[in-house]
Amino acid sequence: MGSISLEYLNLFGVIGRGMIRIIRRLGSMFLFFLNGLGLLFVLPFQFGKILKQIYFIGAKSMFIILLVGLFTGMVIGLQGYYTLVKFGSEGLLGGAVALSIIRELGPVLAAIMIVARAGSAMTAEIGIMRISEQIDALVTMDINPIRYLISPKFAASILSFPLLTALFDVIGIIGGYVSGVLLLNINSAIYFSRMSDMVTIQDISGGFYKSFVFGLLVVTVCCYQGFNVHLRSERHGARGVSQATTSAVVISCVCVLISDYVLTSFLL
């Protein structure tokens with residue numbers, strides 16, 4: 001009996017230590033987020049760095065957003081048609097495609113694509129600056145590294161994520177039009193009229209609220225992982241940066257999906 005109770009105590013100890021580590025990391029990440037967002041409003045504003053980050057996060061992600069959005073809309077158009085035709089409701093395809101993309105798939109897939117292209121690069125860039133002591137050099141020169149490196153990325157994500165989501169929505173609806181109207185011969189007027197009847201301004205604004213939150217989450221997680229790569233338990237150097245980049249992508253995608261569920265439950 002004593003050995004069994006001791007095993008249970010050891011198990012609870014392991015679980016407790018793991019939970020404490022998670023809570024500490026979440027608290028540290030939240031303070032990192034507050035610091036980076038707050039320093040964004042400190043004068044003088046860094047318009048040049050913000051524009052560079054908008055170009056990097058937003059403009060350079062347009063191609064992958066257009067490509068994924070087009071084929072996502074085409075797939076939804078095909079799947080939606082063969083589902084609705086069983087009920088004799090294929091005329092509702094336009095509204096079904098628009099609602100699916102605007103409410104859910106647009107913000108989520110756009111965020112995941114940005115994580116894959118820009119988020120991983122941000123983590124690697126900041127992580128290399130950390131292990132090569134460039135961040136320490138900024139501190140030595142009395143330059144706040146969070147304000148200099150992280151805050152412009154927050155500003156760029158606030159602007160870029162909703163715009164890229166809007167682009168994903170538009171091209172996704174066009175993809176659904178290609179599948180439904182051009183390939184499956186649904187009437188074009190019915191496709192767009194059903195869409196205008198079923199989609200409301202609350203649906204559109206809800207998608208933009210999600211993209212705004214996703215942008216802040218992605219930049220926080222990716223920049224935090226790179227900025228604190230020297231604190232990881234793995235080996236330092238290139239291996240540590242690679243592990244941090246992998247963790248940033250995985251954690252960002254999981255956070256996007258979890259927050260999507262939470263936000264959907266409030267916005268419905």
* Asked: What tally of residues in segment 171-210 results from selecting those that are under 24 Å from Ile112 (Cβ atoms) and basic (Lys, Arg)?
  -> 1
* Can you name the residue in segment 121-144 that is outside any loop (DSSP other than H, G, I, E, B), at pLDDT below 90 and among the polar types (S, T, N, Q) and is also nearest to the chain's Cα centre (by Cα) among such residues? -> Gln134
* Asked: Can you tell me which residue in segment 65-87 is nearest to Phe161 (Cα to Cα), limited to those that are surrounded by 22 or more Cβ atoms within 10 Å (Cβ to Cβ) and among the hydrophobic types (A, V, I, L, M, F, W, C)?
  -> Ile65
* Going by the conditions given, is Gly215 in contact (Cβ under 8 Å) with a residue 24 or more places away in the chain, closer than 30 Å to Ile131 by Cβ and either of a type in the set (D, E, K, R) or buried (at least 22 other Cβ atoms within 10 Å of the Cβ) (or both)? -> yes
* Please find, among Glu90, Glu7, the residue that is more than 26 Å from the chain's Cα centre (by Cα), surrounded by 12 or more Cβ atoms within 10 Å (Cβ to Cβ) and either at pLDDT 90 or above or among the acidic types (Asp, Glu) (or both). => Glu90
* Would you mind stating whether Ser211 is within 28 Å of Val170 (Cβ to Cβ), among the hydroxyl-bearing types (Ser, Thr, Tyr) and in contact with a Ser or Thr (Cβ under 8 Å, 6 or more places away or on another chain)? => yes
* Structure fact -> Among (1) among the small types (Gly, Ala, Ser); (2) exposed (fewer than 13 other Cβ atoms within 10 Å of the Cβ); (3) modelled with pLDDT of 90 or more, Gly27 falls short only on (3)
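One line per residue, one yes/no per condition, for (1) among the charged types (D, E, K, R); (2) crowded, with 22+ Cβ neighbours inside 10 Å; (3) closer than 22 Å to Gln46 by Cβ:
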residue	(1), (2), (3)
Val97	no, yes, no
Ser100	no, no, no
Met122	no, yes, yes
Ile126	no, yes, yes
Ile158	no, no, yes
Val178	no, no, no
Asn185	no, no, no
* Which residue, of Phe161, Phe154, is under 26 Å from Thr72 (Cα atoms) and of a type in the set (Phe, Trp, Tyr)? -> Phe161
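The values are calculated or read from the model by the stated rules, or taken from the named source; none is laboratory data. Quantities reported herein were computed from a predicted structural model and do not represent experimental measurements. With ideal geometry, Cβ positions are generated from the backbone for all residues, glycine too; neighbour counts draw on all protein chains shown.
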